[in-house]
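J.: One structure, pasted below without further comment.
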Amino acid sequence: MKNFSGLFPARLVRLLLTFQFFLVAFLGPALAQVTPPVVEKFIAQIPPGALEIGATSYGPLDGQIPVVPVLRDAELLGYAFITSDFVGTTGYSGKPIHVLVVIGLDAKLLRAELVEHSEPIVLIGIPERKIKALTAGYSGLDIVAEAGAGGSGHDLDIISGATVTIMIIDDSIVRSSIKVARALGLGGLAPDSGDGGPARTLNMDDLEKSDWLSLSGNGAVRRLTLDVGQINAAFAATGDARAIDRPEPGDPGEVFIDLQTALVSVPGVGLSLLGEAEYNNLGDWLEEGEQAILVMGRGRYSFKGSGYVRGGVFDRIQLIQGDISVRFRDRQQRRLGGLAAEGAPTFSELDLFKIPSGAGFDPTRPWRLQLLAQRAVGAIEKRYLTFDLEYELPERYLAPLKAAPGGATLVQAAEDAAARAELWKRIWRDNKVEIGILVVMLAILSGVFFFQVQATKNARAFYWFRIGFLVVTLVFIGWGQNAQLSIVNLMALGTSLINGFNWDTFLLDPLVFILWISVAVALLFWGRGAFCGWLCPFGALQELLNQIARFFKVPQWRLPWGLHERLWPIKYIIFLGLLGLSLVSIPLAEQFAEVEPFKTSIILKFARSWPYVLYASVLLGIGLFVERFFCRYLCPLGAALAVPGRMRMFDWLKRYKECGDPCQICASDCFVQAIHPTGEINPNECLSCLNCQVLYQDRLRCPVIILKQKKRDKLARSTEQSSAALDRVIGNKTQEKGKKNV
Ligand code: SF4
Ligand code: SF4
């Protein structure tokens, strides 16, 4: 394929790169300001009566945490706060979603109100009242129950098309409310044990190994020992005659259990106890934000028991820290062969247990390992006692934390990051099937592109394959999953780059994320066509409608080349306009991004006010006569993808030297007029439909092949004639010889 080198796109590339440079280099640092606490701003805007909980006034802002007392005359009803003051609430737009929450003294929510956001999905058509009503539905939520259930004690209502926004609102309301309730001790929740004390983080730089004696001495390994006499005394103290009648046999001084534990995800402790190789294995096993403890046991009582074999849960131990408790399942456990620390004793049980990142565990604060000792008191009845092994990481393995900007500490930032990571992982887990289908689609498409010669050999089969693929793109990716990429995504990416890029925000929508990653990779190989030609639901909708129109013999208009060439830059101008506008005002740019009819036709499936429906219908209507009219001349996303697509590494589409001169068949057959009359394919306009590759091998339509075939036939005929002539000559000679012999 010859390289198209039109002047206009080359200038555009330079212009866009300059824009990007200014955007990132100059405006980035200037705009990267930290959002100040916001509760005062909104409290000033919302009169107490508007809360509809009988409030008459607000008290002064609390001196310790950003909450405002809500009063009915002199009676304290609860506290008002904005979620963003406590947890990260960055939405799909890259900006915070502010929700005002009023929490009662019993830790039940009295009010939740969405007060400000910049979410494009909402701006573009899902009625805001729907999101507001859903947010208001959090009134009555019991935060004590949520704290006990790790924030998942309630059902989540999802509004189609706004999944990410809703999940962020839900997560931020619940987590911030738990924080406030704990900090104020509402509903009997205990304040965070670290409050008031200096904030700490794990010391990840201390890699020095210590022997067993030092680890036991400095408190990195803690111990609970019970002998037979002690356990018998403990059961005797319960006064339960059945338990007293069944004492543990043996010498009272014999060890019942020697239970020891250590936080081995801290390098100084883990390297000492596990050794380098095992510690590295542990690092591979743990995911971001996860911690691990080592539990060591010996004596006649097992801390594992056998219950985990049946139920998968270790029912004799649990980790407790403040209000949170972690019970370990078999998938969170790994057996350890031996201890690496010099002088370590031998244990009959050595197990590593993983603490999930979403559990709310803070390794810098004290915790306890609770042991459940059981005694059979009947045929199937048991009596239980608990014993606590207290643990606190020694000072040596902790490092001080600097206060983060805006008053938040790095601990809060780390907690936020862990919670966000947990959120997107949950979304990915919940969408396994959809992700699988998309990955299969991408694998099939990659196969078609890599083996395009074979794929396009049979014109009819390839036509129906393409139609089928477009139907799946429209129905599954588009209408089913709302995973329509849009220029709004690129603007969100730009905002995120300016305000501090955060992977978590983009990972919240798995299908859109996978599509963008695959588009980025495809741009390197095939240009914009892999997406525009195959994976864009609106593109598919236009093409399928046009195919139906053709079936009903709707006449097709082919624009004169001169006009076509002058119209296609319009999309680049629209793209540049939106890019410039986004530098001034993102919400304004998002509204102008309505030039894309994607939300109307794909996300909202035409359930929208009539001007939007009319606009989308007009574009689709024109597309019945001019195939892919919107893609060719107006689409800002298509323009945005065309620019980096020019840098692709290969020219995959095969051409003959006769293409364009004199043959014009491909050029006149290209559905988006991407082939110049001179034969070159314009990669900016090509949508990789591969029709020209079908023609490239078409024995009935491609003149080059027909000519080659004719030559081959002629050669075959002349070879046939020659051999016939030769046969005749040989035949004659044989006859002559025969006559002579006669
Ligand atoms: S040009 Fe726009 S509408 Fe057309 S396929 Fe590409 S992204 Fe979709
Ligand atoms: S027919 Fe046109 S759009 Fe399709 S692959 Fe060939 S040049 Fe690209």
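The values are calculated or read from the model by the stated rules, or taken from the named source; none is laboratory data. If you're wondering where the values come from, they're calculated on a predicted model, not measured in any experiment. We place every Cβ from the backbone using ideal geometry, glycine too, and count neighbours over all the protein chains shown.
J.: Quick check on the range 681-695: of everything there that is more than 6 Å from ligand 2 (Cβ to nearest atom) and among the hydrophobic types (A, V, I, L, M, F, W, C), which residue is farthest from LEU523 (Cα to Cα)?
T.: LEU695
J.: Please work out which one of (1) crowded, with 20+ Cβ neighbours inside 10 Å; (2) at pLDDT 80 or above is the condition LEU105 fails and give its number.
T.: Looking at each condition in turn, LEU105 falls short on (1).
J.: Further question: Go through the range 366-383 and give me each residue that's surrounded by 13 or more Cβ atoms within 10 Å (Cβ to Cβ) and either of a type outside the set (Gly, Ala, Ser) or not assigned by TED's automatic domain parsing to the domain that holds PRO247 (or both).
T.: PRO366, TRP367, ARG368, LEU369, GLN370, LEU371, LEU372, GLN374, ARG375, VAL377, ARG383
J.: Hey, PRO636 hits all of (1) within 16 Å of ligand 2 (Cβ to nearest atom); (2) within 28 Å of GLY494 (Cα to Cα); (3) not acidic (Asp, Glu) but one; which does it fall short on?
T.: (1)
J.: Another question, then. Exactly one of these conditions fails for PRO703: (1) outside the structural domain of PHE531 (by TED's automatic domain parsing); (2) at pLDDT 90 or above; (3) out of contact with any strand residue (DSSP E or B) (no Cβ under 7 Å at 6 or more places or on another chain). Give me its number.
T.: Unmet for PRO703, out of (1) outside the structural domain of PHE531 (by TED's automatic domain parsing); (2) at pLDDT 90 or above; (3) out of contact with any strand residue (DSSP E or B) (no Cβ under 7 Å at 6 or more places or on another chain): (3).
J.: Out of (1) within 11 Å of ligand 1 (Cβ to nearest atom); (2) under 30 Å from ILE97 (Cα atoms); (3) in contact with a Ser or Thr (Cβ under 7 Å, 6 or more places away or on another chain), the odd one out for SER601 is which?
T.: Condition not satisfied by SER601: (3).
J.: On the basis of being modelled with pLDDT under 90, in a helix (DSSP H, G or I) and within 16 Å of ligand 2 (Cβ to nearest atom), does LEU523 make the cut?
T.: Yes; evaluated as a whole, the condition is true for this residue.
J.: State the number of residues belonging to the range 527-555 that are among the aromatic types (Phe, Trp, Tyr), within 14 Å of ligand 2 (Cβ to nearest atom) and touching a Cys at 6+ places or on another chain (Cβ under 9 Å).
T.: So the count comes out to 1.
J.: Further question: Could you tell me how many of the residues in the range 631-688 are of a type in the set (Val, Ile, Thr) and either within 16 Å of ligand 1 (Cβ to nearest atom) or not assigned by TED's automatic domain parsing to the domain that holds GLU596 (or both)?
T.: Summing the residues that are of a type in the set (Val, Ile, Thr) and either within 16 Å of ligand 1 (Cβ to nearest atom) or not assigned by TED's automatic domain parsing to the domain that holds GLU596 (or both) in the range 631-688 gives 2.
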